[in-house]
Amino acid sequence: MISEILIVLIFLLTFFLIMVRPWRFNETTGALLGALLMLVFLQPHHILEALGFATPFATPQVTTWNVVIILIELMVISTFLDDYGFFEWCAVKAMQMAKGDAWKLFTYTYVVTCLITAFTSNDIAILTLTPIILKFCRRANLNSKPFMYAFFFAANIASMFLLIGNLTNIMIADAFHLGYVDFAAYMFLPTMAALVVNYVIFRYMFRNSITARYQPLEHVNSKDLIKSMPMVAVGLVVLAFVLIGCGFASAIAIPLSAITTIGMIAIYLAERKPMLRTKRISWRVVVFVISLFIVVKGLEVSGVNALAGSAILSIVGQNPIVATFFMSMMSAFLCNVVNNIPMTAMMVPVSLGIAHTQDMALAMAYSLVIGSNLGANITITGALAGILWIECARVEKWTTGITEFIKTGLTVTPLVILASAAVLALEITLF
């Protein structure tokens, strides 16, 4: 009993360190310290299971090693495109296409963010587009806040569409054995519903914050932003290969990391700068993710997951419609208590234990996708994406108040979640 209490206390300490970051701790240091403390209470087989390896005692429901490899290799592909100017070209091209109309620019920023996020990931979009958006707002003398909020919220919504759009998507799909194509088919309409509702609310919310006109960047030749057209072409071909190849990988039951590995090798061979490209990987994020898996494993060992499963089952029973709305909303808000990555790692085994029918499995899996992605739009600390966003923005001398963000998030996001969950519930009912 004492060890279980200590495990829960370590869990709470870890997330205090991640959220509050006292004594100049960053989120990775806090997660790593929590993982090291948790190791005291874990057996060697628990650690192997936390890393995604089967043991004689258990077969993990999330293959952590596969998730981490995909994360690293998507970073390689995305930073490659970023370093050769592709994402900046997209942003400046959108600014020029708006031709001085600030509301058109707002819309184009939203659409470009959705496209880049959908085919890379929300974390990559946030890392690459945050400085670009702040720079073009300064150039055009525009209020940055509407553009920064719209871009950030859009990135977290659009990441629901594809399996590779968010680390949590990969974890859920891995555990529930969701096919790459099936995932996209189920999440396309809920994602579109969420994007439309969010956009309409923001258009109204920021109606007095955006000036009608700005000075267009006619003097900037967008082609000059591309540092090497052949390299950008290689990056886009590799990205297309990964997007298509992941569909085939799911169909023939091979790890998605096999496809992303081929893409990464192609990038290394084309660029021939392995050390430079490897340095561009955010190893801090990798350590953060692995540490969180270990911390959450401790929580599972303590029995907290079983208690949570019993409580949820008593509420949703085996009703997929109730489960869709309840899990979407609950998991979104839970992200802001324990962050979306550990929330997902904790809720995956709980959800699997509740899902006794095919419809319930679909409801639990895809509502968890909705919650783990949209939960990032309630508070800045609800997901790794928010932490990355605000840190990148501070480098560019821009920030936003936590209270102001929460007020916006609580106004907009519950409505967006309800819209997305309603479409998902309709899909499960009809198909």
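Of note:
- Pairwise FRET efficiency - residue 286 versus residue 107, Cβ, R0 = 41 Å, nearest 0.05: 0.70
- 3J(HN,Hα) couplings calculated from phi for region 223-233 with the Karplus curve 6.51 cos²θ - 1.76 cosθ + 1.60 (θ = phi - 60°) are, in sequence order, 5, 5, 6, 7, 7, 7, 4, x, 5, 4, 4 Hz; Gly and Pro show x.
- Summed side-chain charge close to residue 160 - residues other than residue 160 whose Cβ falls under 15 Å, Lys, Arg +1, Asp, Glu -1: -3
- Extending 7 Å from Cα along the Cβ direction at residue 315 and again at residue 430 yields two label points whose distance is 2.8 nm.
- More than 20 angstrom apart: percent of Cα pairs within region 102-244: 54 percent
- Taking amide hydrogens as placed 1.01 Å from N in the peptide plane, the amide H of residue 227 sits under 5 Å from those of 85, each at least 5 positions away in sequence or on another chain.
- Note on residue 93: lysines with a C-alpha under 23 Å away, same-chain residues under 8 apart excluded, are 104, 135, 145, 223, 227.
- For region 419-429, Karplus couplings with θ = phi - 60° (6.51, -1.76, 1.60), whole Hz, Gly/Pro x: 5, 5, 5, 5, 5, 4, 4, 5, 4, 5, 5
- Backbone HN-Hα couplings from phi across region 280-295 [Karplus 6.51/-1.76/1.60, Hz, Gly and Pro as x]: 6, 5, 7, 5, 4, 5, 4, 5, 4, 5, 4, 4, 5, 4, 5, 4
- Semi-axis lengths, largest first, of the ellipsoid equivalent to the chain are 34, 25, 22 Å, with √(5λ) applied to each eigenvalue of the Cα gyration tensor.
- If you plug the beta carbon distance of residue 58 and residue 394 into 1/(1 + (r/R0)^6) with R0 = 60 Å, you get a FRET efficiency near 0.90.
- Whole-Å distance, taken between Cα centres, linking region 341-392 and region 118-135: 21 Å
FYI, it's all coordinate maths here, none of it is from the lab. Owing to the predicted nature of the structure, the values given are computational and were not obtained by experimental measurement. With ideal geometry, Cβ positions are generated from the backbone for all residues, glycine too; neighbour counts draw on all protein chains shown.
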